[in-house]
Amino acid sequence: MALKLLKAADYAEMSRQAADIIIKQVKEKPNAVLGLATGSTMLGVYRELAADHRQHGTSYRLVRTVNLDEYVGLGPDHPNSYRHYMNEHLFSKLDIPLHETHVPNGLAADLDEECRRYERLIDEVGGIDLQLLGIGRNGHIGFNEPGTPFSSPTHVVELAESTRKANARFFGSLDDVPRRAITMGIATILRSRRLVLLASGREKAEAMARLLEGVVTPDLPASALHLHPDVTIIADREALSLIPKEKRRVDAP
Ligand code: F6R
């Protein structure tokens with residue numbers, strides 16, 4: 001298996017390991033381009049980055065960021081927009097200039113043009129050095145739901161019902177969860193120089209078991225990672241709980 005798997009005891013350890021990788025990347029390349037994600041999985045990582053910045057002064061002054069995705073119809077002021085999440089949980093806690101942080105514009109009048117603009121933007125910043133990924137219960141990455149071709153660039157998606165239900169916890173009701181999103185495509189994600197996928201908790205165990213089985217299929221979007229030369233997966237014990245013991249290979253960080 002080409003993927004490097006780091007096993008963490010729990011969410012806190014997974015978050016620290018991921019933050020260490022990002023901090024190392026920024027120290028090695030102060031003008032790194034970081035690809036970022038949202039969701040519950042990332043909150044611990046962002047807390048760690050903020051704490052490190054406060055305590056050790058790691059600087060993000062020259063860093064640029066591009067986020068994976070955004071809901072269609074939600075602007076920066078909406079508490080559930082991903083731009084809002086990023087500003088609140090990470091950007092406001094670092095010294096990164098806000099204009100160097102990028103999230104797809106869910107309010108764009110021409111969504112297809114916005115997707116093309118986002119692809120151009122990623123090229124213009126020189127490509128993504130390190131892309132952080134979570135994984136959906138159905139194996140999605142970004143908002144690339146099962147069945148998405150691996151050749152897809154940034155595009156508009158109809159969210160799977162299971163994804164809308166999973167995310168309803170952040171909204172008042174299921175009806176309030178947007179039906180569409182803009183997401184980097186799988187091809188966009190695979191162009192990143194390095195991928196780091198995080199998984200925590202029992203609800204990710206089925207997807208992780210399928211991913212680590214190694215079958216590459218659009219039915220499991222995350223399995224596209226097997227096509228990339230530099231992937232690190234950091235998963236906690238619960239997320240790995242459905243993987244047969246003999247397959248739980250652990251590489252040292
Ligand atoms: C978020 C994203 C999604 C999430 C995934 C897991 O930007 O791209 O793919 O990473 O849905 O979400 P959580 O972490 O909330 O379980």
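Size of the dipole of the chain about the Cα centre, Lys and Arg at +1 and Asp and Glu at -1 on the beta carbon, nothing else charged, in debye to 20?
Working: 32 positive and 34 negative charges, 158 e Å.
Around 760 debye, computed over the chain.
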With every protein chain in place, the accessible area of R210 for a 1.4 Å probe, in Å² rounded to the nearest 10, comes to 100 Å²
Restricting to Cα pairs below 8 Å that are 6+ residues apart, what does the relative contact order work out to for the chain? Please round to a whole percent. 26 percent
Expected max-MSF residue from A222, A187, A207 in the GNM of the chain (alpha carbon, under 10 Å) is A187
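Over the stretch 112-253, what relative contact order in percent results from Cα pairs under 8 Å that are six or more residues apart?
Numbers: 241 pairs, mean separation 40.7, N = 142.
Answer for the stretch 112-253 is 29 percent.
How high is the relative contact order of the stretch 1-93, given as a whole-number percent (alpha carbon pairs under 8 Å, six or more residues apart)?
That works out to 28 percent.
In deg cm²/dmol and to the nearest 500, what is the mean residue ellipticity at 222 nm of the chain if only DSSP H runs of at least 4 residues count, each as -39500 (n - 2.57), divided by the residue total? Before the final figure, lay out each step's value.
Details: 7 runs with 78 residues, N = 253.
When only DSSP H runs of four or more count, the value is -9500 deg cm²/dmol.
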Report, in whole Å, the centroid distance computed from the Cα atoms of the stretch 1-67 and the stretch 128-167. 20 Å
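If you keep only loop residues by DSSP, which trypsin sites (Lys or Arg not before Pro) in the stretch 132-184 have at most 16 other Cβ atoms within 10 Å of their Cβ? Spell out each step's value before the answer.
On the way: sites: R137, R164, K165, R169, R179, R180; in loops: R137, R179.
The qualifying sites are R137, R179.
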Of all beta bridges DSSP finds with both residues in the chain, what is the antiparallel percent, to the nearest 5? 25 percent
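The values are calculated or read from the model by the stated rules, or taken from the named source; none is laboratory data. Fair warning: this is a prediction, and the values are worked out from it, not measured in the lab. Note that each Cβ is placed from the backbone with ideal geometry, even for glycine, and that neighbours are counted across all protein chains shown. The protein model used for the area step is the full one, side chains on, heavy atoms only, and it has no ligands, DNA or RNA in it. Shrake-Rupley method; radii C 1.70, N 1.55, O 1.52, S 1.80 Å.
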